[in-house]
């Protein structure tokens, strides 16, 4: 069963140097309160894996702007105008990974697979800098290692006290596989956290068995 923590208590479990898998797409579905608290607490040398980072005003791009990230793993970062200069100055390491490959690397980590083989990125900067070409059955592939996190931070629309999560729209992007691929899963819940049994099992996107900590979002309190 997941535990319900106050925001500061939950975020304090994220340590300097951790790899953090952050859900969301263009900042939508990224847990804003958790990012706020990370900035307030000041954990540093983080590796952040997120689809795009969004901007320096929304999403995990705010952590890049605050100087807390040593490495950023993403599929696209075109809205993070400060990132090229930070990379050029050696202040941050950037790893680009095609979106489908990014999701599959996380899934591989969560489900005990040895990595991902894909033709996507052959002959590109992806092969040159971040992947290994292998030949199987006469065909070339790129091998990518699994992408595992010390912590996953996700936003969900609903949860019960057992930790079962229900996502709404873009919240689901990458968050589902991230919850299986991290040692510690912290979920920020928009609506008031519900008693166990309130959520129809057919509606559950992530089972509570892999969720460790729930944080009440702005939508209500958990005293029910």
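Values in this text are rule-based calculations from the coordinates and carry no lab data. Values in this document were obtained by computation on a predicted structure and should not be read as measured data. Here the Cβ positions follow ideal geometry from the backbone for every residue, glycine too, while neighbour counts run over all protein chains shown.
The table for this structure:
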quantity	calculated
Cα long-axis angle, helix 32-41 against the chain (0 to 90 degrees, to the nearest 10)	80
Computed log₁₀ I(q)/I(0) - Debye formula, equal Cα scatterers, no solvent, region 52-148, q 0.16, 0.21, 0.22 Å⁻¹	-0.73, -1.06, -1.11
GNM result for the chain, Cα springs below 10 Å: residue of 172, 105, 191 fluctuating most strongly	191
In Å, descending, principal axis extents of the Cα set of the chain	58, 41, 26
Relative contact order [Cα under 8 Å, 6+ residues apart], region 1-157, whole percent	23
Computed [θ] at 222 nm, deg cm²/dmol, the chain (DSSP H ≥ 4; -39,500 (n - 2.57); rounded to nearest 500)	-5500 deg cm²/dmol
Range of Cα positions in region 105-144 per principal axis (Å), largest first	28, 24, 12
Footprinting exposure proxy for 136, 147, 7 (fewest neighbouring C-beta atoms within 10 Å first)	136, 7, 147
Packing-based exposure ordering (other Cβ within 10 Å, fewest first) of 179, 74	74, 179
DSSP-defined antiparallel bridges as percent of all bridges, the chain, nearest 5	30
Value in Å of the Kirkwood radius, where region 112-218 supplies the Cα pairs that are averaged	15.7
Contact order relative to length of region 128-224, as percent, for alpha carbon pairs under 8 angstrom and 6 or more apart	29
Folded to 0 to 90 degrees: helix 99-110 orientation relative to the chain principal axis, Cα	60
